[in-house]
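Inspection log for the structure reproduced underneath, given as structure tokens.
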Amino acid sequence: MTNSGRSALIDLIESLPDNAGTWGPTVTTETTLNGVPYAPYSKGDKLGRMADWTADSKDGRDGRGGRQQYNRNYRDQQVYGAGTTTLFAAPVAEDESSFSVVSNVRDSGKTRFGRGAVFARGRGQRGGRGDARAGRQQFQRTGGRGGGQYGGGGGGYDSRGGGRQNQGGARGGRRFGWKDYDKPARNRDASINIKADWQLLEEIDFNRLGKLNLETDEGEDVDTYGFLHYYDRSFDKQPVKVAERKLTALDRAAYNVTTSSDPVIQELADKNEATIFATDNILSMLMCATRSVYSWDIVIVRQGNKVFFDKRDSAALDMVTVNENAADAPLEASEGSKDSINQPAALAEEATYINHNFANQVVLESDTNKVEMAHDNPFYNPALETAPPASKAYKYRRFDLSTSEENPTYLIVRTELDAVQKNAISGDDQFVKVHALNEFDSKAQGSGGALDWRTKLVSQRGAVVATEMKNNSCKLARWTVQSILAKADVMKLGFVSRANPKSNDKHVILGVVGWKPKDFANQMNLQLSNGWGIVRTIADMCLKREEDGKFVLVKDPNKNVIRLYEVPAGSFEDDVDDIPEAVEEEAEAEE
């Protein structure tokens, strides 16, 4: 270093202030630095890199304005102090808010294709191949979420899935349907009133229920009752339009006795044949609980080491639902439905009526040509009934639900069969379960996008069945479970429609389709092991209680949740089927 440089460095060091015990510049309270206002630190500023030699470079390594402009890792960073640049911004000379650009392009509203050609070409309907392809993509992008950008009178669409009401009374266009997140919540009523003195024991959501699993065998027959008529195979043929078969009401005695009132089950319980007792109607609802939407309830009675799954009189389990699982299910009167015959309660009554009469109509009644079970119908009393008994066989079957050899657990269920038919190849008798799907109006609200059965059932039967699987998943799953529990060989599904969509008292049979129950279960992705896991879990919850008691399992009407309550001993006594007075008098006379 030269002498002049050394002397300049000494002078610089001597000019520095003396800060004993500190390092750096002296602390000052002045707010100006050489006459320039000091820019304070802003909380919105971010500390970036210490030095970026390419930030302002126009000819950086990539030749495109430096790495910071294109590197996404630094796109959110700011230079320290950038938030204070507005403090030093010079005011504009004049107000530019009134400045506007005037286009000098003449727009006559016409093209060489005529008025409206641009709109049509944008939807991919006209123009060249390239224009149509680009226009079709544009139309899907703007309207794919349920809304477009056009519609007269300021109407337009709401992009969230539901059509926004047009303003000014002009036409607003088509509505594309509800999205899941924009679907209006429905407040349905529970199937039973929850009282204050009920104790909540468990609350299980459907996700937990869907993870339960218990493998079991195919079951064994314990005893059989009743008789069966042969199925009329002429219903399998597609009827001619001019000769459609009308659904006729037949007065036949049919029974749906609850578990604890069944004399056969009471006898089997006294013999300690099983731990859990139920009917196929109640058991199928419990096994298919994760598919249900409407509210339902099951009464559970524990007596000693036995559990009985019961139902209340006129319970929701006895009714056949319609389009329960549809995305746009039928509306209640409280939800704005003005069509009384297409409300859920009215449709359920109609479907129950159809199923009862359809099962009686599709059999060939004959006193000589029928299949007799080991015992007579346990519920039919000729002295009291005026109508003949319906074709019905009751099979009491036992299933092994044990999880260990030390603690064996068996279940006995009363299953039902509706008819019998000859195997076309071997000639052996095959047991048949008969049910009916009903069509009320394919154009009405709540139809779930169902096809017109009269025109599509023959040509597009697979599409019709697939739609019914979607709209009636719970109902079809319950029917399939009941068929498998009864070990039926064939499950017949009839397609019954209204003769007039505006009237619900006259119906016609459009066709009947048969399936093997296990094949139909595979098509619906129905796992019986999951259902058995649900049954065993609910039974264990009741058995682990220290004392006998009565419980109620309730499906929440608006959530995918089931709740188990413990109720007082005197609950539901009014709902249990009482013994007829004539039977009591007859018993007293015999004594």
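The values are calculated or read from the model by the stated rules, or taken from the named source; none is laboratory data. Please read all numbers here as calculations on a predicted model, not as lab measurements. In this analysis, Cβ positions are derived from the backbone assuming ideal geometry, glycine residues included, and neighbour counts consider all displayed protein chains.
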Report yes if THR248 is under 30 Å from VAL496 (Cβ atoms), part of a loop (DSSP other than H, G, I, E, B) and either within 28 Å of the chain's Cα centre (by Cα) or in contact (Cβ under 8 Å) with a residue 24 or more places away in the chain (or both), otherwise no.
-> yes
Here the qualifying pairs (Cβ atoms under 6 Å; residues six or more apart or on different chains; first in region 450-468 and polar (S, T, N, Q); second surrounded by 19 or more Cβ atoms within 10 Å (Cβ to Cβ)) come out as THR467/ALA450
Can you name the residue in region 228-249 that is closer than 15 Å to VAL513 by Cα and of a type in the set (Phe, Trp, Tyr) and, of all such residues, is modelled with the lowest pLDDT?
-> PHE235
Quick check: anything in region 565-574 in contact with a strand residue (DSSP E or B) (Cβ under 9 Å, 6 or more places away or on another chain), surrounded by 15 or more Cβ atoms within 10 Å (Cβ to Cβ) and either at pLDDT below 70 or at positive phi (or both)?
-> yes
Considering region 347-405 alone, what residues qualify as being polar (S, T, N, Q) and over 21 Å from ASN504 (Cβ atoms)?
-> SER366, THR368, ASN369, ASN377, ASN381, THR386, SER391, SER402, THR403, SER404
Does region 547-554 include one or more residues that are surrounded by fewer than 16 Cβ atoms within 10 Å (Cβ to Cβ) and either part of a strand (DSSP E or B) or over 23 Å from the mean Cα position of the chain (by Cα) (or both)?
-> yes
Residue satisfying all of: in region 316-346; among the small types (Gly, Ala, Ser) and closer than 24 Å to CYS288 by Cβ; surrounded by the most Cβ atoms within 10 Å (Cβ to Cβ) among these = ALA329
Look at GLY448 and say whether it is on the phi > 0 side of the Ramachandran plot and not aliphatic (A, V, I, L, M).
-> yes
